[in-house]
Every structure is written in C-alpha cells, then in structure tokens.
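The values are calculated or read from the model by the stated rules, or taken from the named source; none is laboratory data. This structure is a prediction, so every number in the text was calculated from the model and none was measured. Methodologically, a virtual Cβ is constructed for each residue, glycine included, from the backbone with ideal geometry; neighbour enumeration extends over all protein chains shown.
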Amino acid sequence: MRKSNKKFTLLLLVLTIFSLNTFSQIQYKVSGMVTDSLRKPIEGVSVRLITHKDTLRSNSDSRGSFSFPKVNSNKFYVAVTALGYKPFASVYEVESKNKNATLEPIILKNETILLDDVDVNVKVDPIKIKKDTIEYNAGAYTIRENDKVEDLLKQLQGIEVDEKGAVKAMGKKMTKLRVNGEDFFTSNVEDYIRQLPADIIAKLQVIEDYGDEANFTGIKIGEPQKMLNLVTKPGMDNGVFGNADATSATSNAHTLNANGNTWAKTKQIGFGGNYGITDNAFTKSDNNGFNGSIREKLNKALSISGNYGLSNNANRSVNSNYIETFNPQGTIYDLRESSNNAQSFNNRINFGLNGATKKNFVNASLSGSLSSNRNSSISTSNKTGFIQQDLFSNSSIKSNNPNLNGNINWSRKLANNRRSLSVGLNFSTNGTNSNSTIDDIIRYYNSSTSILVKDSLLNRLVANNTSNANIGGNIQFANSLKKLNDSSGYSFISLSYSFSVSRSKNLQTTRVDDQMGNNFIVDSLGQNYVSNFINQTLSLGFNANKKKISYSFGVNFSPSIIIGEYRITGESLRNYQLNFSPSANLSYQIKDNRNLNFSYNGYTSSPDFNKLQPVRNSNDVQNIIIGNPNLKASSNHSANLSFNQFGLKSGLSIMLGLSGNFSFNSAVSNTVFLRDTLNSLKQQTTYENVNGIYSIGTNYSIDKRLLTNKLSISFNGNLAYSHNVFYTDNVLNKSSGINVSNAFRIELNQKKYAFDFNTSHSFSSNTYSVLNQNIKNIQILSLDGGGSWIPTERFRLNASVSKSLNFGYNLNSGNPLLINTGFTTSFLKNNRLNLSIQANDLLNKGSLFRSSITNNSINENRTRFISRYVQATLNYTLNQFGKKTNRFAPSNYNQFNRGIH
C-alpha cells in the first residue's frame, strides 16, 4: 500500500510540473501588414520576430500580410528588411488578454544603395510595369546640371509636357503630385515640376489613383485618375528650394517671378509671386499675383494644409473667327473680328485636413473664391451666303462671382478589419451678379444683289443675378468575403447610397432705350426661373484584389427628378427619370513588365437651366435662344482600356489605349430660321433630347531604346471617330468626324549634346447629313528638329527649326517656317545664377490657329500676336536638399534584449 502511495505521489508531482509548464507557455498569434509609402502592399518582405527565447521568421504575401501563429511572449521585437527599402525595427508589447494581436501597418520608405569609392557600371532598367503603376528609373535617363523634373519627364515614354507645364500620361492629364507617397505642398503638378531639381529624384511613378479613401478601405470604384509620385534619393526628402527670375523681350514684354519653399519632415511652407506687363500692337496685358501654402503634420496620424492665391489680370487681345454653318436652305459664312479687353481680380483660399489610423480615415476640405471681372468688346460679324447681314457690336460687362464648397469623408474598419463603413457629405454654392451694356447695329442686304436694304439699332442694359447651390452625401458599407490573412488575396462586397440636391435661380432684367434716349423694362426679354434637380444612386459592387489581378464590378440605379418654375409665365414642370448603369474596373499584371487596365463608368447629369427656361434670351440679337422645359436628364457612359509592355532585354516599350464615350438623352440644339418684324431672317435656337452621340478613340506609343537608353526611336499617335446628332430646322441630322495623327521621333540625349527630329501628320475629316454630305478636310504636315550643345557645365547652346504645311483652312494660315535659337550660361557657385538669351521666330512667320466642330458649324480661330522677338532671362536658383539620416543600428536590438531579460 505504501508503495502504491509513493507511485501516486510521484505521478501527481509529474502532472503538476507539466501543467505548470504548459500554463506558463501562453501563446499569441501576431499578424500585420507591410506597405510602401503609397500604402501599397509589398510582397516577399523578410520579417523577423524576436523574443527572449526564440527568433521567428516569415515573408509577406501578395497582400503584404505576415503572421506568426505561435509567439510565446507578449513583448517582442520586429525587424523588417526588403531590397530597395530602408530597414524597419520596433519593440511591441500587446495586452496579455489579446491572444490575436494585429499590428499597425508597417510602412517602408524607399532607399537607394550607394557605394562609396567604387564605380560600378550596371545596366539600369528604365521602366517597371506593375499592376496599376508604371515606374521610371531616373538613373536610366540623362540628367544635366540645372535640369528640373520637367526636363526629366520629357524623356519618358508615354509622357507629354506642354509649354505651360501640364503633364499627360497616354493622353490623360496628371491631376495630383506626391513625393515619397505623401502630399506635397499644393499637390499641383504644374507648380512643382519646374521647381524641383531632377538630380534628387530616384524614381518617377505614374499611378492609377482611386483616392486615399479607396487605398484605406480597399474598395476601388469609379474611374481612376493619373497621379505622379516622385521618389527621392536617400536623404533628399527635405530642404529649401526656390528661384527668382527677370525676363525682358523686344516684343515689349517684361516679367518678374519669385518663389521659395521650405520642406521639412513635418512642415512645408511655400510662397510665390509674379508681375508681368506686355504692350504691343496685338497684346496689352498687366498681370500680377501672389500665392502661399502651408502643410503640417500635427502627429503621426493627422495633417492639415492651407493655401491662398491672389491674382490681378488685365488683358487685351485681337481675334479672328471664321464660322461655316450648314443648313438645308443654304450655307452661312460668318467672318468675325473682335478686340477684347478683360480685367479680373481673383481671390481663392483652401483648407484641408487628412488623418488615418489603424481603424479610421478622415478627409475634409473647405475652399472659397471671389472674383470680380470687367470685360469690354468691340466686334464685327459679316455674314454671307444664305444670310447676308453685318453686325457691329459694342458691349461691356461687370460681374462678381463668389464661390464656396466643402466636403468631409470618414471611414472606419470594423470587425477585425473585415468590414468597413464610409460616410461623406459635400456642398457647394456659387453665384454671378452682372450688369451689361450692349449696343448693336445690324445691316441687312439683299441676298441676290448684296445691296443694303435697311439697318437696325438696338441698345440694351441687362442686369443678371444667378445662383447655384448643391448638397450631397454618400454612405457605403463593405464586407470582406475572405479572411484577412488569406494568401490568395481579399475580396469585398459593398453597398452604397448617394444623393445630390441642387437648386438654381436666374433673374434677368432687360432695359431698352427708345428713340428719345429713355429706357424701359421689356418683360419679354427678362428671365425669372428656379429649377431643382434631385438625383439618387443606389450601388451594389464586388471588389477583389489578388497578387496578379484586381477587379471590381457593380450596378448603379439612379432615379432623378427635375422641378422647374417660371415666375414670369407662371408655368412649372416636373420630369422624372430612372437610369441604370453598370461599372467595372480591372488591373491585371499579365507578366512582369506587362499589364492591362480597364474601367467603365456611368453617371447622370441635369440640363443647364439656360436650356430649360421657356423664355427668350436675346443677348445675341442674331440668334435668339429659348429653352425647353421638357428636357430630361442625360446619361453618360465612358470606357477605357490600356495595355503596357516593356522588354528588359529588347528595350522596346509598347503603350496602347482605347476609350469610348456614349450618351443617352443628350440635350442638343435645334436651330431654325425665322422672319423678324423687318421681314429679315434670323436664327432661333431651342433644345431637344436625342440618342446616338458617341465617340471612340485609340492612342499608341511604341518606343525603342538604344545606346544604354540614350537613343530613343518612337512612333506614336491617335485615331478618333465621333458621331454627333443635332437638329436643324426641326429636322434631325447627323455628323461624323475622323481625326488621325501620327508622329515619328528620334531623340538622342548625351551629357554633352542632344538632338531630336520629329515628323508628324494630322488629318481631320467631317461629314454632314446636311446639303448632300458636305465634307470638310483639314491636314497638317509638320517637320521639326532641334538640338543643344553643352561644351561645359556652365554653357548650353540650343536651336530648333519647324516647318508646317496647312491644308483646308479658310483663314489664311500660311505654311510657316519657324526658326529659334539661343544660349544659356551660368555663374556663381553651383551654377546658381543663369543668363539665357533666346531669339524666337527669326523669319516672323508665326501664328496661332485652332479649329473646332460644333454640330453643323466649323469654327476656325486665329489669334494675332508678335511671334518674332528676342528675350533675355536672368535666373537665380536655390537648391539645398538633404541632411544626415539616422539609420537602424544594432544597438536598438541590444537595448531591447537588455530590457526583456
């Protein structure tokens, strides 16, 4: 018996020790996510979790997620490393009760590896094509002394930069700028690509951006916008930069510009100012302005921003227009000459707030503007053909335009991040108060003999008061269909509701002078109209994101109502409509450096109240406008498809795009000819709803890189077809247009020299169902080339030549040969002071032509200006970037070890 008691006691002791040991080994599940500075997941990152006993290792999956299911301590150390990113390390301590701990997202910053005292020649891949991003390596392109980001962008495949600094990627405008994935000053692309030096940039990323809220929730709907993200070299993410320049030209044009910016980790402050005057035979202007901005991080999760701008502009211009209008009764040819004086004073201000934590996202903005405008114009209109009339008009207008708008958006992740709720509100209000004086003299001619028959004089004083107000909101709920740590990706189903309520008012009073010089109100020429538009949208969508593919699709139901009241006639209207539209988005990485993107969206818009009100608008005495109160809201649909490919070995890049736009219930004009009280013809325009308006187009860019990316041979262009529907004399007519343009370009960029040669051809053909298929063709063939020679870092010589052959214009466009040349020389330390002399259009052949098609009319415009001049610019540049950065050191790990023992 005693022996069995001893065995029982021994067994009890063993079980007790075992249970105590088991109890002491409480295990935790630790998971997290690794993203870059744009909040995009990083795959294949090495993650180490270290406790006082163990070192655990894991790699992130396609969602950037990692997980350690068996961690034996609630206090641990996490170290993250990835090629091309700065190392990350931090100590964590979770609550002992929390057995499933999810860490806040770990954000890695880009890093370029620098080798000291070693020259390594490595072939750099110029392009990396990802699922929704095209990344350009700045090191693969030629960057010279004093080059700006704008100069670097001009070398990139698929990128266009115009003379004003506007940037397009495959035909779509860049709408936002970020640096290292964060908002940068005003986030305006044009403002900063001409200020930031190119030599601080490591990478340039063109991103399909769905917005910050979409990046937070993972729900990407709507049509993405093009965003430019600049990734700087290590340590170049702070500094002071700016420039000041003075320019004087023989065209009697003189300008002064200055700007300065301080860029720190938590605060950005910028300012700028300009003053310019021009006074010559064709142009007279006096423009000045000031702007300032501030952006500050209040803490890790919250930042605020604000900017203010002031501009005061006075401009005079001389224009010529030739308008050819087709009609079943004959063709009207209208040659218009005008001299315009415009003055404007504008104020604009904006405030913003952005915040994001592990569970919450908030974004809010408030902006306002106030402009005061004064315009005067003297114009002539000489109509021949079916109508023979001359109009001499002298008009002036004064107006004030206040504007205020704001929005707030909030999102929260629920149920261990598997669900999300988003709410948004927005409002806008604007108005116009104007007073106009219009003096018209109309001369009528016999259509057969062209002899003057009679003339008419009309003097009017028009007071106009319009206001528009809108309020809207949305709510969205999304639920994940997979666990967050599912390595195959994630998917969401979402339900959303949005509404928009807008109200427009228009009150116009017209006074007419009689023969005695007295003025009186003419009710028939007045307007007093109120309209309300209510639109609601209910959407159901599915959203999925996997390693190689992201896609979403959904359906939208949009009931709308237009309510109008015409207080002069006592009439009212109510129009109801229900629109249905699907939506879809796709981003697919077919292979490395090859992707496919697609988007399809629809939306509803109400007719402008000027098209609705059934009262006469006689501001243009030769074309009376009367609205149609029975117009319905229009439904618009757009689709875009793009394909991008780059061959690392071949150096060949192919970028293709296809787009289409389709409209239903479009509001179009119906122009008829009526006899007035003097038995002369004049136009009257009303509006009708039609179907059948659409356009499709494609663009392409094929680029071959040779000589280690220094030589570029490219072929690019676009093809577009448009189909339009409109009324003429109450008869439904159609028009179609084809536009084709192609360009072949050779460009060589070396440190000491550069040249480019470009030849392009554009063809535009428009066909009408009026007058037996009238056809209008315009062709432009152009050849241009240029080059620069940089013998030293302080001197640059440049020249360019272009020849255009224009066919099909009615205005005298000529075939200009333009020759430009100039040089730039630098002074002071780091070449901070630059003197540039530029001679433009040495043969004085320049002119500005534009052509546009509207329904059954072709409008050619020529703006006159002095194109031959010599210009001198003195520029001082300040660029001070970078400071010492603290990198992760092993001492942090040693300190952690000392703390947990």
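Any chance segment 72-89 includes a residue that's loosely packed, with under 12 Cβ neighbours inside 10 Å and modelled with pLDDT of 80 or more?
Taking segment 72-89 and keeping what is loosely packed, with under 12 Cβ neighbours inside 10 Å, we get 83.
Next cut, modelled with pLDDT of 80 or more only: none.
Scanning segment 72-89 turns up no residue that is loosely packed, with under 12 Cβ neighbours inside 10 Å and modelled with pLDDT of 80 or more.
Out of the residues in segment 542-564 that are among the β-branched types (V, I, T) and in contact with a Leu (Cβ under 8 Å, 6 or more places away or on another chain), state the one that is surrounded by the most Cβ atoms within 10 Å (Cβ to Cβ). Result: I562.
Of all residues in segment 226-277, which are outside any strand (DSSP E or B) and crowded, with 17+ Cβ neighbours inside 10 Å?
So the first thing to find is which residues in segment 226-277 are outside any strand (DSSP E or B), and the list is 233-238, 250-252, 264-266.
Answer for segment 226-277, where residues must be outside any strand (DSSP E or B) and crowded, with 17+ Cβ neighbours inside 10 Å: K233, M236, D237, N238, S251.
Residues that are loosely packed, with under 14 Cβ neighbours inside 10 Å and at pLDDT 75 or above: find the strands (runs of 3 or more DSSP E) completely inside segment 1-71 holding 3 or more of those. Walk me through how you get there before you give the answer.
On the way: elements: 28-35, 46-50, 55-59, 65-71.
Fully inside segment 1-71 and qualifying: 55-59.
Regarding K751, is this residue within 30 Å of T821 (Cα to Cα) and in the same structural domain as G627 (by TED's automatic domain parsing)? For K751, the condition - within 30 Å of T821 (Cα to Cα) and in the same structural domain as G627 (by TED's automatic domain parsing) - is met.
Within segment 630-664, how many residues turn out to be surrounded by 18 or more Cβ atoms within 10 Å (Cβ to Cβ), over 30 Å from Q157 (Cα atoms) and in contact with a Leu (Cβ under 8 Å, 6 or more places away or on another chain)? Total meeting the criteria: 1.
Just one of (1) in a helix (DSSP H, G or I); (2) over 30 Å from I713 (Cα atoms) fails for E190. It is (2).
Which residue pairs have Cβ atoms under 9 Å apart, sit 6 or more places apart or on different chains, and have a first residue in segment 755-769 that is not assigned by TED's automatic domain parsing to the domain that holds R745 and a second that is surrounded by 16 or more Cβ atoms within 10 Å (Cβ to Cβ)? Close Cβ pairs (under 9 Å, with a partner that is surrounded by 16 or more Cβ atoms within 10 Å (Cβ to Cβ)) do not exist here.
Tally the residues that are within 30 Å of T604 (Cβ to Cβ) and polar (S, T, N, Q), restricting the search to segment 511-537. Full working, then the answer.
Just the residues of segment 511-537 that are within 30 Å of T604 (Cβ to Cβ), to begin with: 527-537.
Still in the running and polar (S, T, N, Q): 527-528, 531-532, 535-537.
Going through segment 511-537 one residue at a time, the tally reaches 7.
Working only within segment 500-548, note down all residues that are aromatic (F, W, Y) and farther than 30 Å from A214 by Cα.
Let us first name the residues in segment 500-548 that are aromatic (F, W, Y), namely 520, 529, 533, 542.
Result: F520, Y529.
With respect to the conditions (1) free of Cβ contacts under 8 Å to residues at least 60 places away in the same chain; (2) surrounded by 18 or more Cβ atoms within 10 Å (Cβ to Cβ); (3) not β-branched (V, I, T), N288 lacks only one, and its number is (2). Can you tell me which residues in segment 699-751 are more than 28 Å from S800 (Cβ to Cβ) and of a type in the set (G, A, S)? Listed by number, the residues that qualify are A720, S722, S735, S736, G737.
Among the conditions (1) surrounded by 20 or more Cβ atoms within 10 Å (Cβ to Cβ); (2) under 22 Å from the mean Cα position of the chain (by Cα), the only one that G211 does not satisfy is (1).
Show the residue pairs that are 6+ apart or on different chains and have beta-carbon atoms under 7 Å apart, the first residue being within segment 594-609 and at negative phi and surrounded by fewer than 18 Cβ atoms within 10 Å (Cβ to Cβ), the second being part of a strand (DSSP E or B) and of a type in the set (S, T, Y). Going by the 7 Å Cβ cut-off, the qualifying pairs are L596/Y588; S605/S634. If you check D125 against the conditions, is it in a loop (DSSP other than H, G, I, E, B), surrounded by 15 or more Cβ atoms within 10 Å (Cβ to Cβ) and modelled with pLDDT under 85? Here the answer is yes, as D125 does meet what is asked. Taking the criterion of being in contact with an Asp or Glu (Cβ under 8 Å, 6 or more places away or on another chain), part of a strand (DSSP E or B) and surrounded by fewer than 19 Cβ atoms within 10 Å (Cβ to Cβ), the residues of segment 134-174 that qualify are N137, K168.
Could you list, in sequence order, all residues of segment 520-541 that are exposed (fewer than 15 other Cβ atoms within 10 Å of the Cβ) and either basic (K, R) or without any contact (Cβ under 8 Å) to a residue 60 or more places away in the chain (or both)? Don't jump to the end; show me each part of the working.
Initially, segment 520-541 is screened for residues exposed (fewer than 15 other Cβ atoms within 10 Å of the Cβ), giving 520-524, 538, 540.
Those that are exposed (fewer than 15 other Cβ atoms within 10 Å of the Cβ) and either basic (K, R) or without any contact (Cβ under 8 Å) to a residue 60 or more places away in the chain (or both): F520, I521, V522, D523, L538, L540.
Condition (residue is part of a loop (DSSP other than H, G, I, E, B), in contact (Cβ under 8 Å) with a residue 12 or more places away in the chain and assigned by TED's automatic domain parsing to the domain that holds N518) applied to segment 453-462: is it met by at least one residue? No, because not a single residue in segment 453-462 is part of a loop (DSSP other than H, G, I, E, B), in contact (Cβ under 8 Å) with a residue 12 or more places away in the chain and assigned by TED's automatic domain parsing to the domain that holds N518.
Please enumerate the residues belonging to segment 620-646 that are part of a loop (DSSP other than H, G, I, E, B) and farther than 25 Å from N532 by Cα.
In the first step, residues of segment 620-646 are kept if they are part of a loop (DSSP other than H, G, I, E, B); the result is 620-622, 627-633.
If the condition is that a residue be part of a loop (DSSP other than H, G, I, E, B) and farther than 25 Å from N532 by Cα, then D620, V621, Q622 are the ones that fit.
With S847, S857, S826, S851 as the choices, which residue is at pLDDT 90 or above and surrounded by 14 or more Cβ atoms within 10 Å (Cβ to Cβ)?
Details: S847 fails: at pLDDT 90 or above; S857 fails: at pLDDT 90 or above; S851 fails: at pLDDT 90 or above.
Of the residues listed, the single one that is at pLDDT 90 or above and surrounded by 14 or more Cβ atoms within 10 Å (Cβ to Cβ) is S826.
Here T686 passes the criteria (1) in a strand (DSSP E or B); (2) exposed (fewer than 15 other Cβ atoms within 10 Å of the Cβ) except the one numbered (2).
Do the conditions hold for A246, that is, is it of a type in the set (A, V, I, L, M) and over 27 Å from the mean Cα position of the chain (by Cα)? Before you say what the answer is, go through the steps one by one.
On the way: of a type in the set (A, V, I, L, M): yes; over 27 Å from the mean Cα position of the chain (by Cα): yes.
Yes.
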